[in-house]
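Where a number appears in this text, it was derived from the coordinates with a stated rule and is not lab data. Since we're looking at a predicted model, the values are computed, not measured. Glycine also receives a Cβ, built like all others from the backbone with ideal geometry; neighbour counts cover every protein chain displayed.
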Amino acid sequence: MGPIQSISEVIDFLYRRAGPIALASGLGLLLGIALALLGTPTYQATTVLSTRVDTVSDEAVRAGSAAPQSRLLQLVEQRLTSRENLLRLADSHGLFEGQRSQHRVDMMRESITLISQPAVNIGFGADGSLASIIIMARANSSDKAAAIANQLADMVITETGAGRMARARETLDFLRVEQERLQGDLRAVEAEAREFAAENFDAMPFNATVRRTEQASLVASIQETRTQISSIEAELAASGTQAASQRRQAQLRE
């Protein structure tokens, strides 16, 4: 048979060999089904956590150490996939029994997948916040896979909650220190204000009305005194030309 040069020759080739092709396809399908039935079935369970692991008050503790959510989830993932935790999970669910410890750890790591989905950020840059965590667990039964996925989700919630409580305590301690510092500064400013008010009591705004009243009274007294002086000077001048008693003149001069 020469080389195939047209579509009709391809169709003719497939038509003439339809029997062997169908036989090979059927045998391959039967072999695949047999292998699937003879092999150990694997079930996968998926848990999705909507996460908010931000700090208590980022504005209040901007000068502090507020780690982004992605870093916190990396730490949580490292704790979940640690050797001790994986062996504990394998023992509690009866997985890979009779195998060496390291092999069990490797198999458990392959059967667990954690995916962090970043949150959509508005504007420029990313702050490391996460929208959700997807936990996938595979086991030889659906119940075990679901139990492992739920247990891992509970661990994530516990670990992130503990981290939030620790950051809340750090924030509270920071705010308490700031409160004490600000109260000290406030007391110093109040003492300085009292000292300034004592030194400049007459210039204080609340004394302005009293000082204006006293000034008006003094001006009136001065004017009245000037009037009296003028009257006495006139009477004294008149007494000098008249025959007034010396005693009266002495009183006027005084």
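Some observations on this one:
- Segment Ile222-Gln44, extension gain: residue separation times 0.36 nm, minus the distance between their alpha carbons: 53.6 nm
- Length added when fully stretched, Gln102-Ile229, from 0.36 nm per residue minus Cα-Cα: 33.9 nm
- Inter-label distance, Thr113 to Ile11: 4.3 nm, where each label sits 7 Å from its Cα along the C-beta direction.
- Difference of contour (0.36 nm per residue) and Cα-Cα distance, Leu236 to Gln74: 47.5 nm
- Placed amide H near Ala131: partners under 5 Å, 5+ positions off or other chain: Gln117, Ala119
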